[in-house]
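Each remark here refers to the structure printed beneath this line.
The values are calculated or read from the model by the stated rules, or taken from the named source; none is laboratory data. Note that the structure is a prediction, hence the values are computed from the model and not measured. Here the Cβ is made from the backbone with ideal geometry for all residues, glycine too, and neighbour counts use every protein chain on show.
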Amino acid sequence: MLDPSDFENPPVPVERMLTFLCGLGAATGVFVGGIECFGLARSMTLEMSSAEMLQLEGAILCMNALVGAAAALPSALWARWSHRLPRFLGGALGLARRYQVSFSLGVVALAGFFLVPLARELWLTERREGAIGMVCLCALMGVLGWFNSGYWFRRWLVGAGPALGYRLGAPAIGVLLALLAMAVRGPAGPSQAVYSQGEPNVFLITVDTLRRDHVGVYGGLVATPEMDALGRAGLIFDDAITTVPETLPSHSAMFTGNQPARTRVLSNGNHVARSFLTVTEQLGAAGYRTGAFVSSFAVDSETGLDQGFQVYDDDFFPWVRGFTQTGVARLLLPLFMRVANPADYPFLLERSSPETIRRALAWASEPQDSLDPRPVFAWVHLFDPHAPYEARPGFPVSEQAAAIDHRAILAQEPGYPYRPEEVAGLQELYRQECAYADSQVAVFVDGLRSAGLLEHAIIVVLGDHGESLGQHNIYFNHHGIYDDVLRIPFVVWTSEMAGADGAAHGGGQRFSRTVTTADVANTLLGYSGVSPLTGTQSTNLLGFVNGDANTDTSLTVQGREGASLTEGQLCGVRSPNAKYMRRQDASELLFDLVNDPGELQDIGADHVDALENGRAGTVRCVASAVVGPSGADECARLQALGYVEDCP
């Protein structure tokens, strides 16, 4: 075996071993980064310009180079100094063997950085063969590094190859792959053809945490002219509810047509199973362009709501667009969350409505091929009314309200002792957040109208759940199952209803029958003429215009008893006239919603039969099976929004 001690001038002097091996690690990192750029370009769900893509690829290559150097550093330190260590720690090894061991361990460390988390995910989802395969791949990379490094070292010793070959060749291949990724990704921009109206366009606007009584058309406390106008020209549903008052469960019902109890999506941090067909998949199969533009991580692509969307814009990173989708960001974010407070980094939690709407309008109004025009389905999610409440430009509030730091208060929840002036100030901030959200809905609708996208279209605007503003001693959160958090605004506008003969087609009608967020799915599909989601709990609400719609008005509802999942779950049955509520400790409440809409007086003692019926209605309630997020980063971000108190 060749050893550097046999040669007067070894190719890698001991003094340079540290920098040499870290350089090899960095070169390997750039090579891996090129592969990642190629894969990411093929799977990217963000609309990105060529300049944005180049910036992202440059960041990926640089970050992977740093990761490669860091992965190589421990073994490089060993290779540099191990000759001073005891024999059993490698002190007796020659330079060639130390180089070989160090390089192969560095390769294993770099491969493990990316593959071990993937193996863990596969193992937890019971795809054990894939998990074992990832671990074996790490070992295989180490074996390849061992033999190749030995081969390279021997060639260098006999003068058959330059020492810079790999350090220059691997990065060059990585950069080449990144440039090639630019060619294989989707179209960088819109075609130049003039847009031609085809099938009806479909627009879904969800406003997070929007109370029904804070929308003007419902006689609310806030002037919301845009939502009011849409409702008065369309359909207004006076008793719309969500059966689980949390962001992800409510949205899962909208897209699958099934209540959260059926999909088992009962908390933020859960996942919509791929086995459920979504309204997006139905519209996509019918030829629609499908795009989602969300403003909170609570409904990002990791939740499973991305099923069927060709574009899913959930990137909030303010400097390099798409960076949060890179492997380095996904792996380092959980570590960052263990030492940082996500409330101090708002871009980890949400995105401003103007930016979300700007991107949605840019995508929706892209000119399409006039010979084959494709209708649009766009979902826009606005997060403004959700905590933390903040003053917005152009929407003045009192000095008392402006001085409140809601993010600092959330950091002290649960159990924060609200002072009366803080309650009043936060209620004022919430009202102006609702008004601001309405103004952003107006920006989006006006943009669609200017682009000619509303000539034949449907717009559905609704909240996903409400908010408790101090009622029932619940402050600025949406746990519980009182109507403060269950009832939502829900309006449907269509171009036909908004016409001159709108009244003849049902424009401006109000309906008192109970409807739910699950009805969104088949309402959108029904208007589009696309096959409905069968076997679901979704009703086409446009059937109300003709009087042929039918829904079950007695619904099982579920929610948290407190801000934390550990505080227990609530089950209940709600009809338009009454609500039964059962706590985890088996205590029961019954409310008369007609005479006591504030749910202040328990009448259960006088209505034993109603209690019995309520118990029967909650037999299948699966609240005890609710689990929260398992990842430390996701849990910490939910904690920053006031959801949970303990993170793993």
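Key figures
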read-out	value
Any hit, segment 576-597, residues being hydroxyl-bearing (Ser, Thr, Tyr) and crowded, with 20+ Cβ neighbours inside 10 Å	yes
Which numbered condition Phe544 fails, given (1) assigned to a helix (DSSP H, G or I); (2) touching a strand residue (DSSP E or B) at 6+ places or on another chain (Cβ under 7 Å); (3) modelled with pLDDT of 90 or more	(3)
Segment 212-226 - residue that is part of a loop (DSSP other than H, G, I, E, B) and within 16 Å of Gly508 (Cβ to Cβ) and, of those, farthest from the chain's Cα centre (by Cα)	Gly219
Single match in Glu455, Glu433 (criterion: within 23 Å of the chain's Cα centre (by Cα), in the same structural domain as Leu600 (by TED's automatic domain parsing) and touching a residue at least 40 places away in the same chain (Cβ under 8 Å))	Glu433
Pairs with Cβ under 8 Å, 6+ apart, first in segment 63-75 and surrounded by 22 or more Cβ atoms within 10 Å (Cβ to Cβ), second part of a helix (DSSP H, G or I) and polar (S, T, N, Q)	Gly68/Thr28; Ala72/Thr28; Ala72/Ser102; Ser75/Ser102
Residue check for Val443: surrounded by 23 or more Cβ atoms within 10 Å (Cβ to Cβ) and under 27 Å from Val294 (Cβ atoms)	no
Residues of segment 488-530 that turn out to be modelled with pLDDT of 85 or more and part of a helix (DSSP H, G or I), as a count	10
Test for Arg392: is it at pLDDT below 90, in contact with a helix residue (DSSP H, G or I) (Cβ under 6 Å, 6 or more places away or on another chain) and within 24 Å of Val299 (Cβ to Cβ)	no
Failed item, numbered, when Leu349 is tested on (1) under 13 Å from the mean Cα position of the chain (by Cα); (2) assigned by TED's automatic domain parsing to the domain that holds Ser439	(2)
Some residue of segment 320-336 being touching a residue at least 24 places away in the same chain (Cβ under 8 Å) and over 23 Å from Ala41 (Cβ atoms)	yes
Of the criteria (1) surrounded by 22 or more Cβ atoms within 10 Å (Cβ to Cβ); (2) modelled with pLDDT under 85; (3) among the hydrophobic types (A, V, I, L, M, F, W, C); (4) in the same structural domain as Trp319 (by TED's automatic domain parsing), which one Val376 fails	(2)
Total residues in segment 143-158, condition crowded, with 20+ Cβ neighbours inside 10 Å and either at pLDDT 75 or above or closer than 17 Å to Ala69 by Cβ (or both)	2
Where Arg513 falls short, out of the listed (1) under 30 Å from Arg374 (Cβ atoms); (2) not assigned by TED's automatic domain parsing to the domain that holds Tyr389	(1)
Given (1) among the hydrophobic types (A, V, I, L, M, F, W, C); (2) crowded, with 18+ Cβ neighbours inside 10 Å; (3) in the same structural domain as Arg407 (by TED's automatic domain parsing), number of the condition Ala343 does not satisfy	(3)
Answer residue from segment 122-137, given it is within 22 Å of His271 (Cα to Cα) and surrounded by 13 or more Cβ atoms within 10 Å (Cβ to Cβ) and is modelled with the highest pLDDT among those	Ala131
Residue pairs meeting the criteria (Cβ under 7 Å; at least 6 apart or on separate chains; first over 11 Å from Thr556 (Cβ atoms), in segment 607-624; second at pLDDT 85 or above and of a type in the set (Gly, Ala, Ser))	Ala610/Ala578; Leu611/Gly604
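Listed here are the residues, each with its yes/no results for (1) more than 21 Å from Glu467 (Cβ to Cβ); (2) surrounded by 22 or more Cβ atoms within 10 Å (Cβ to Cβ); (3) not assigned by TED's automatic domain parsing to the domain that holds Glu467.
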| position | (1), (2), (3) |
| --- | --- |
| Glu226 | no, no, no |
| Gly231 | no, yes, no |
| Pro245 | no, yes, no |
| Phe255 | yes, yes, no |
